[in-house]
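Visitor: The structure under discussion is supplied below as structure tokens; questions concerning it will follow.
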Amino acid sequence: MRAVHFGAGNIGRGFIAQLLHRAGCQVTFADVNNELIKLLKQEESYQIFFAAPDQPPETVTNFTGLHSQHEKEELLAALREADLVTTAVGAPVLKHLAPVLAEAVKERLDSAWPLTVIACENAVGGTDMLRMHVKEHLSDEQASQAEAFISWPNAAVDRIVPIQEQAHPLDVLVEPFYEWTVEKKAIHGPVPPIDGIHYVDDLDAYIERKLFTVNTGHAAAAYHGWQRQHATVQEAMKDNEVRSEVESVLQETGKLLTAKYGFDPDTHAAYIRTTLSRFENDALSDSIDRVARQPLKKLGARERLISPALQLEERGINPEALLRTIAAALAYDNLQDEEAAQLHQQLAVSSASSVLAAVSGLDPDSPLVQQAAALYEAIQA
């Protein structure tokens, strides 16, 4: 099986390519990082190290690299022959992949050779986003033809890969835990035979389970940890007050998830315990700065803090712990972070309720906005 993977960063090399390699895929990495592509062309292997003392490193082979812009013809040739295309570039970058993907789709119309495209991004509906960007470069007839042989399943991915520097630039440190969940119903014919992918019928349940447990819990640890002047998530989780806030947040989101999707409460409680143990893993040393970055994004209406809080309110549950975390996110004043600096420029001239309303898209008079703003003001007092 031949795979083209866009994004040769740590997630691409240390997660997606790992599973593709295990499945016997020949992987072509596509990226705009000259140094990474040069190394991927030169080297025959790299190693994945695990943040666990008893787990030996894993060697990845059978790959090459292509520069997405400077080697377009070679990339098109790889895309013409690919059985699978994956991405790990960040959702805002997907639109930049669309032109070359659309060109490859046009070249495959005559053969109609089956292709599966999976965007492995930390975003809801990432593959749908990519699909729509690609369709913008196709005629209606071409898009209709392509739908017959190209599968576009959405996915949810989960693995903590901290910012790092390895002795060999291609090597990467990852946590042992991972989840790669893909919606089965969107795939025409047999699913790609990749051991480690969890194919499910209802992806929304797993997307929100991950978003409202791992991402929400991580954000709670980071924003409360920042308030108590901790440098890493692991350090923050040793602080009883921070840990208590994280546990309280996950109890709230757990109530929502089990009620909404019917997850078994005991199974979900075990998932929460696993998540907490991941945050506590000292071998990962994940900085508060990395996890707390982009507070404007994290305070969005469909994001990890506001969305579960709103859904709990709709069910008649006051999301007290989530409200405290939303207030802590507003108070994240790391001015080295571009979004945090922008947030605090707004807070300097406008009320917390109006700023939160503008960022989240909620009504300034909504109970959630008013309560979170009051909690923020208490932090600032």
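The values are calculated or read from the model by the stated rules, or taken from the named source; none is laboratory data. Source: prediction; values computed, not measured. When we count neighbours, we look across all protein chains shown, and the Cβ atoms used for this are built from the backbone with ideal geometry, even at glycine. Surface accessibility is based on the protein's heavy atoms, side chains included, excluding ligands, DNA and RNA. Shrake-Rupley method; radii C 1.70, N 1.55, O 1.52, S 1.80 Å.
Visitor: Within the range 47-69, does at least one residue satisfy the condition of being farther than 30 Å from F279 by Cα and among the charged types (D, E, K, R)?
Guide: No, because not a single residue in the range 47-69 is farther than 30 Å from F279 by Cα and among the charged types (D, E, K, R).
Visitor: Residues of the range 119-137 being assigned to a helix (DSSP H, G or I), touching a residue at least 24 places away in the same chain (Cβ under 8 Å) and crowded, with 22+ Cβ neighbours inside 10 Å, which ones?
Guide: G126, T127, L130, V134 - these are the residues of the range 119-137 that are assigned to a helix (DSSP H, G or I), touching a residue at least 24 places away in the same chain (Cβ under 8 Å) and crowded, with 22+ Cβ neighbours inside 10 Å.
For (1) over 28 Å from A91 (Cα atoms); (2) in contact with a Ser or Thr (Cβ under 9 Å, 6 or more places away or on another chain); (3) among the hydroxyl-bearing types (S, T, Y), each residue gets a yes or a no:
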{"position": "I272", "(1), (2), (3)": "no, yes, no"}
{"position": "E314", "(1), (2), (3)": "yes, no, no"}
{"position": "P367", "(1), (2), (3)": "yes, no, no"}
{"position": "A373", "(1), (2), (3)": "yes, yes, no"}
{"position": "I379", "(1), (2), (3)": "yes, no, no"}
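Visitor: Under the condition of being in a loop (DSSP other than H, G, I, E, B) and of a type in the set (V, I, T), which residue from the range 154-194 is most open to solvent (accessible area, probe 1.4 Å)?
Guide: I163
Visitor: Something else about it: Filter the range 218-230 down to the residues that are open to solvent by 60 Å² or more (accessible area, probe 1.4 Å), outside any helix (DSSP H, G or I) and at negative phi and list them by number.
Guide: Within the range 218-230, just R228 meets the criteria.
Visitor: I need the full set of residues from the range 30-52 which are open to solvent by 50 Å² or more (accessible area, probe 1.4 Å), under 26 Å from the mean Cα position of the chain (by Cα) and either charged (D, E, K, R) or at pLDDT below 95 (or both), in order please.
Guide: Matches in the range 30-52: E35 only.
Visitor: Regarding D110, is this residue within 24 Å of the chain's Cα centre (by Cα) and either of a type outside the set (A, V, I, L, M, F, W, C) or part of a helix (DSSP H, G or I) (or both)?
Guide: no
Visitor: Would you confirm whether any residue within the range 265-284 is part of a loop (DSSP other than H, G, I, E, B) and crowded, with 19+ Cβ neighbours inside 10 Å?
Guide: So far as the range 265-284 goes, yes, one or more of its residues are part of a loop (DSSP other than H, G, I, E, B) and crowded, with 19+ Cβ neighbours inside 10 Å.
Visitor: Considering only the range 2-14, I want to know if a residue exists there that is surrounded by 14 or more Cβ atoms within 10 Å (Cβ to Cβ) and without any contact (Cβ under 8 Å) to a residue 40 or more places away in the chain.
Guide: For the range 2-14, residues surrounded by 14 or more Cβ atoms within 10 Å (Cβ to Cβ) and without any contact (Cβ under 8 Å) to a residue 40 or more places away in the chain: absent.
Visitor: Then there is this: Please give the helices (runs of 4 or more DSSP H) falling wholly within the range 314-373 in which 1 or more residues are among the hydroxyl-bearing types (S, T, Y), surrounded by fewer than 22 Cβ atoms within 10 Å (Cβ to Cβ) and touching a helix residue (DSSP H, G or I) at 6+ places or on another chain (Cβ under 6 Å).
Guide: 352-360
Visitor: Pairs please, first residue from the range 178-205 and under 20 Å from Q18 (Cα atoms), second anywhere and of a type in the set (F, W, Y) and open to solvent by 10 Å² or more (accessible area, probe 1.4 Å), Cβ atoms under 7 Å, 6+ apart in sequence or on different chains.
Guide: Note: pairs meeting the criteria are T181/Y206; V182/Y199; V191/Y199.
Visitor: Let me ask another. Mind listing whichever residues of the range 89-105 are assigned to a loop (DSSP other than H, G, I, E, B) and out of contact with any strand residue (DSSP E or B) (no Cβ under 7 Å at 6 or more places or on another chain)?
Guide: Correct list: G90 only.
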